[in-house]
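*Asks:* Just dropping this structure here.
The values are calculated or read from the model by the stated rules, or taken from the named source; none is laboratory data. Since we're looking at a predicted model, the values are computed, not measured. Please note: Cβ atoms are built from the backbone with ideal geometry, for glycine as well, and neighbour counts cover all protein chains shown. Surface accessibility is based on the protein's heavy atoms, side chains included, excluding ligands, DNA and RNA. Shrake-Rupley method; radii C 1.70, N 1.55, O 1.52, S 1.80 Å.
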Amino acid sequence: PTESARKWRDHELELVEVVADQVAVALSHAAILEESMRARDQLLDQNVALNLARQEAEKAIHARNDFLSVMNHEMRTPMHAIIALCSLLLETELTPEQRVMIETVLKSSNLLATLINDVLDLSRLEDGSLELDFGMFDLHGIFKEAINLIKPIASIKKLSMTMILAPDLPMYAVGDEKRLMQTILNIVGNAVKFTKEGYVSIIASVAKPESLRDWRRPEFYPVSSQGHFYLRVQVKDSGCGVLPQDIPILFTKFAQPRSGSSQNSGGAGLGLAICKRFVNLMGGHIWLESEGVNKGSTATFLIRLGICNNPNDALIRPQVSSRVRAYHGSAELSGQKPI
């Protein structure tokens with residue numbers, strides 16, 4: 001204090017200042033140490049929570065893998081046996097009542113088998129384990145085979161089915177034949193399913209580079225390159241149609257439109273959701289257009305395929321990214337008998 005009788009000397013004041021500085025440094029280090037200890041405790045707590053979350057995720061993955069294993073073998077195998085036996089039973093002499101019951105069992109079995117296949121494909125798509133199997137295939141034959149599979153169902157409903165293949169559509173292409181077939185069958189099958197009377201038409205053509213901009217959706221930017229082309233497939237029908245505001249939800253899993261007669265047909269299920277994943281995986285885009293209920297609809301998709309200059313070359317493979325590898329799945333639709 002200034003009024004103190006003690007007279008402080010310069011070296012004494014310097015000593016006090018040095019001690020005060022050391023105390024300040026010690027207090028600062030103590031605060032930093034305390035904050036570090038608190039951060040370490042928080043980090044330990046977070047590590048414990050992360051370990052618990054990782055263990056739960058591993059349990060969920062194991063449970064899903066076990067479920068897929070059961071679906072793949074324990075459920076699909078007996079379902080295929082039921083379908084085969086019912087098909088054979090229908091070829092025997094049955095009373096009208098027995099035939100109706102067997103046909104009902106067969107129809108239900110086919111629906112369940114389709115759902116099992118869709119769930120398996122969707123699970124592989126979501127976890128990234130479903131990969132494209134590229135190879136050369138008969139592009140015209142794909143459409144003819146799809147029409148042959150769908151025609152019996154359309155003829156029962158007395159629907160007119162037409163298919164137009166553009167003159168410039170290549171006879172052969174390079175891509176995933178199985179996934180393209182599955183996409184066509186899903187979209188055309190939906191068109192037949194939701195059309196009570198009228199027509200279903202399929203138009204396949206090559207999307208010209210100068211026209212890609214006109215067909216491009218806002219979220220899709222096609223990239224043209226040598227050795228590839230964009231296949232454009234358009235499926236039109238005179239069916240129940242859908243409200244414009246309901247179109248986006250149709251590409252989600254088990255979508256149910258808020259209005260429209262499609263509700264009475266069981267919704268879209270997994271078909272369009274899987275088609276969208278397949279088309280995106282093949283470097284394309286899919287969209288649906290409709291003017292409203294009972295005004296029909298038009299489903300269009302673009303996919304990127306490789307140009308096959310020499311159909312006799314069995315070693316033709318497109319240049320794909322390292323994340324797309326060969327996949328050999330068991331979900332095959334092209335060999336199933338239409339019921």
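*Asks:* Tell me whether region 261-269 contains one or more residues that are at pLDDT 55 or above and either under 24 Å from Ser205 (Cα atoms) or not β-branched (Val, Ile, Thr) (or both).
*Replies:* Yes: one or more hits.
*Asks:* Have a look at Leu85, Leu52, Leu89 and point out the one that is in a helix (DSSP H, G or I), in contact (Cβ under 8 Å) with a residue 12 or more places away in the chain and more than 23 Å from Val119 (Cβ to Cβ).
*Replies:* Only one candidate qualifies: Leu89.
*Asks:* Taking the condition within 20 Å of Phe229 (Cβ to Cβ) and either in contact (Cβ under 8 Å) with a residue 24 or more places away in the chain or aromatic (Phe, Trp, Tyr) (or both), does Thr195 pass?
*Replies:* When the stated conditions are applied, Thr195 does not pass them.
Residues checked against (1) exposed (fewer than 10 other Cβ atoms within 10 Å of the Cβ); (2) of a type in the set (Gly, Ala, Ser); (3) under 30 Å from Ile153 (Cα atoms); (4) not assigned by the TED database to the domain that holds Gly271:
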position	(1), (2), (3), (4)
Gln55	no, no, no, yes
Met71	no, no, yes, yes
Ala84	no, yes, yes, yes
Ser87	no, yes, yes, yes
Asn110	no, no, yes, yes
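*Asks:* I've got another one for you. Can you pull out every residue in region 125-162 that is part of a strand (DSSP E or B), under 26 Å from the mean Cα position of the chain (by Cα) and closer than 30 Å to Thr195 by Cα?
*Replies:* Asp138
*Asks:* I would also like to ask the following. Take region 134-164 and flag every residue that is more than 22 Å from Ser205 (Cβ to Cβ), small (Gly, Ala, Ser) and open to solvent by 30 Å² or more (accessible area, probe 1.4 Å).
*Replies:* Matches in region 134-164: Ser155 only.
*Asks:* Sticking with this one: Quick check, is Leu122 among the hydrophobic types (A, V, I, L, M, F, W, C) and assigned to a helix (DSSP H, G or I)?
*Replies:* Yes: the conditions hold for Leu122.
*Asks:* Do we have Ile153 as assigned by the TED database to the domain that holds Ser238, of a type in the set (Val, Ile, Thr) and under 28 Å from Gln226 (Cβ atoms) here?
*Replies:* Taking the combined requirement at face value, the residue does not satisfy it.
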